[in-house]
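First the structure, in the form of structure tokens, and then the observations on it.
Taken together, the values in this text are just the output of simple stated rules run on the coordinates, not laboratory data. Just so it is clear, the model here is predicted, and its values are computed rather than measured. Please note: Cβ atoms are built from the backbone with ideal geometry, for glycine as well, and neighbour counts cover all protein chains shown.
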2 protein chains.
Amino acid sequence: MPTIKEIAKASGVSVATVSNIINEKGKVSEETRIRVQKIIEEMNYTPNSVAKNLKTKNSRCIGVIAEDMTVFALPDIIDGITEYCEKEDYQILLVNLRLYKKFEDTYYRSDRYGDIVQREIQKLVAKQVEGIIYVAAHERLINVFPEQLPVPMVVAYGYTSHRGIPSVMVSDEQGARELVKYLISMGHRRIGVIAGKKYSMHTRSRLEGYQRALFEGNVLYDPDLVVYGDWERESGYRNTDYLIEKNVTAIFCMNDFMAGGAYDRLDERKLKVGRDIAVAGYDNREMAGYEKPPLTTMGLPLHDIGYRASEIILDMLKKEEKNTEEADIYYVDCKPYIRQSVNQLKTEKKEGV
Amino acid sequence: MPTIKEIAKASGVSVATVSNIINEKGKVSEETRIRVQKIIEEMNYTPNSVAKNLKTKNSRCIGVIAEDMTVFALPDIIDGITEYCEKEDYQILLVNLRLYKKFEDTYYRSDRYGDIVQREIQKLVAKQVEGIIYVAAHERLINVFPEQLPVPMVVAYGYTSHRGIPSVMVSDEQGARELVKYLISMGHRRIGVIAGKKYSMHTRSRLEGYQRALFEGNVLYDPDLVVYGDWERESGYRNTDYLIEKNVTAIFCMNDFMAGGAYDRLDERKLKVGRDIAVAGYDNREMAGYEKPPLTTMGLPLHDIGYRASEIILDMLKKEEKNTEEADIYYVDCKPYIRQSVNQLKTEKKEGV
DNA sequence: TTGTATGCGTTATCAT
DNA sequence: ATGATAACGCATACAA
């Protein structure tokens, strides 16, 4: 690995001139520029980013802290981050907390967890990253960040009450609303809901979307048509009977797994999904397309969340880190995947309230 | 962010002393050590890794080039990499090539692809990474690396003929062998195969494993029982009839998707999987556990591949980068997931050759 | 247009 | 045991 000094010597100029050429500062004669350029090629010289970084104080690098790489949402979010960063010529220092693997499902209650995060932030800052994106494994309130942060930060797929840290989240309310409006447009009025865990953010927002769609469709909201599962397939299976007895013509499941469970039960009861009864899911997990019939569902804008998060953080960088008091939450819209699990309702006889 | 100089001034010692304390060089009196240590705490000082790196030439950082983060195998492989790196206190600079998104399925034939890889390697080296792990999106021969590499490299989930670059791959042969031995142990003798694309590495190795299991089980290998699909679900569906006509009692599909297709066709023909006929898959994709009945399949050791790859590269680093002429291929074993799709064969009547 | 000199924050060498 | 200082590779202010 040659250094700028060696290039200078080899081409008989000073290091300043070489530096000016590399960084296209002008004020160099065309003649020497070409000559030095050639030497640079020949010796296969690349400037040492570390030295450059030490001097200029910009590393063109951001830190990404992922709660757990192997959780389904993360790869797409990180993919979105990398796409925008590549455009802007930023590199990524990745930290994988492996929270699920270390603490199982309850990591966010662990005492150790906050310390771990702070230590990793410390290390990232020591490496001179210009900003940090924290990527949560599922949406929730995250308050493990130190009071004084030396670099801008944004949280993706979660939010924080820490002032000065923007958040980027799924617009669950919009997604559920759009999906339920679709069900209504297909003639359904009695739409049962198999919700997620009662106090999950996703559950609450999706339920609001459901209610709003009903309102806009002039359909009475019947609380008895909402039943709570726990996101697992089995809970979809378990809650289906209840809704059938309530004479629903469609079931909106708050994730694809529970929709799969509903399929199972419906199948046992000889009710054909997409003909005798409509089913919709949420998340657009891989298996949704393989169900029989393929499941209509709402896709999470994971890639876009990552993309948006990096836009925001690079914007903060450009603004010289001033007036970043806009601790906003940005919502990114979901996109529906219309498949074969929702039938057009023809008869009106089951429509009574 | 205070510097070492400020710490020195604040505690009334020289920077050399502070440095010695930080790096536990000894030759410092207990008294001053404690005093300076306290100041460091108070001022919340962390050494600047960039400056340290410039001076010492070790960044404790490796580069990871992922062909495409969103391909199913990658997150687990990267998770394995991060696990070992965390133990060894190494950080990770991540590059996501996004090859699938940019070039679709044929990226590896693209001219531009090689240049992109070389440019990214260049950038990583400029950042002073100590080594690079290249993670392929699917196993194949990869020869896009520059002749002279300034840092050690290893390829995960693929291999290269470049000398000095070790590879870490799935032991497809072992996996298929073990799975087919299991089928034989369950009494099956006429075991049909729905293979992947004919010239894929995976197909060839898994076929070898199948043949070896047959040999070891004293079962004649009948080439007519092997039919080629294209990894897609539909090709499993399409090839099932042929095997049924050949009177197989079990079908070994070379991936879970094709197994799913076989399920579909079997279902149509009123053959119950796990009772009338056995089906096994490969890869242990998410959907495998949700099939009815849950699919017996062979899990890919993705996490272990990543873990092994980082072990290898950090070993190379320790060896002072000498005699790395061992351009070996390391194979990592697959692990079976026994579920309900394979029945014990009781009657012997269908066993003839 | 080109060269000289200084400093970024750290470690390491050599005095004291 | 502690301190002064050079050096890592680069960018830049200033001099020539």
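Spin-label model, B:Ser14 to A:Glu88: label points 7 Å out along the Cα-to-beta-carbon direction sit 4.4 nm apart. Size check on the stretch A:181-326: the Cα extents along the three principal axes, sorted descending, read 63, 34, 28 Å.
Taking amide H atoms as placed 1.01 Å from N in the peptide plane, the amide H of B:Met298 lies under 5 Å from those of B:Gly281, B:Tyr282, B:Asp283, B:Asn284, B:Tyr337, each 5 or more residues away in sequence or on another chain. Stretching B:Glu234 away from B:Gln118 to a fully extended chain increases their span by 38.0 nm, per 0.36 nm per residue minus the current alpha-carbon distance. Comparing A:Glu234, A:Glu245, A:Glu139 in a Gaussian network model of chain A where C-alpha atoms under 10 Å apart are linked, the largest mean-square fluctuation is found at A:Glu245. Inter-chain neighbour count for A:69-82: the average number of beta-carbon atoms from partner chains within 10 Å of each residue's beta-carbon is 5. For chain B, would you read off the P(r) tail past 28 Å as a percentage of all alpha carbon pairs? When every Cα pair of chain B is considered, 54 percent fall beyond 28 Å. Taking 7 Å steps out from each Cα toward its Cβ at A:Val144 and B:Asp276 produces label points 5.2 nm apart.
Between this copy and the others, label points of B:Pro150 are 2.6 nm apart in ascending order, each placed 7 angstrom from Cα in the Cβ direction. Shape analysis of the stretch A:135-259 places it in the prolate category; the axes a ≥ b ≥ c from the Cα gyration tensor give an a/c of at least 1.5, with a/b above b/c. Put simply, the protein assembly as shown fits an ellipsoid with semi-axes of 50, 36, 23 Å; these come from the alpha carbon gyration tensor as the roots of five times its eigenvalues, largest first. For A:Arg35, the label point sits 7 Å beyond Cα toward Cβ; its separations from the matching points on the remaining copies run 5.7 nm, from shortest to longest.
Peptide B:119-127 is shielded by partner chain Cβ atoms: per residue, an average of 4 of them sit within 10 Å of its Cβ. Beta bridges from DSSP with both residues in chain B: antiparallel share about 10 percent, rounded to the nearest 5. In this Cβ point-charge picture (+1 for Lys and Arg, -1 for Asp and Glu), the stretch B:172-299 has a dipole of about 260 debye about its Cα centre.
Comparing A:Arg33, A:Arg204, A:Arg177 in a Gaussian network model of chain A, where Cα atoms under 10 Å apart are tied by springs, the biggest mean-square fluctuation is seen for A:Arg33. Remark: C-alpha extents of the stretch B:112-202 on the principal axes read 59, 26, 19 Å, sorted largest to smallest. Our Cα-only numbers for the stretch A:4-47 put the radius of gyration and Dmax at 9.0, 24 Å. Of all DSSP-defined beta bridges confined to the protein assembly as shown, some 10% are antiparallel rather than parallel. Exceedance of the 25 Å cut-off in Cα-Cα distance is limited, within the set A:Lys38/B:Lys319; A:Lys5/A:Lys55; A:Lys197/A:Lys270; B:Lys127/B:Lys319; A:Lys101/B:Lys181; A:Lys25/A:Lys127, to A:Lys38/B:Lys319; A:Lys197/A:Lys270; A:Lys101/B:Lys181; A:Lys25/A:Lys127.
Using equal-weight Cα scatterers in the Debye expression, the normalised intensity of the stretch B:33-92 in log10 at q = 0.15 Å⁻¹ is -0.68.
Distances between copies of A:Lys270, taken at a point 7 Å out from Cα along the Cα→Cβ vector and listed shortest first: 1.6 nm.
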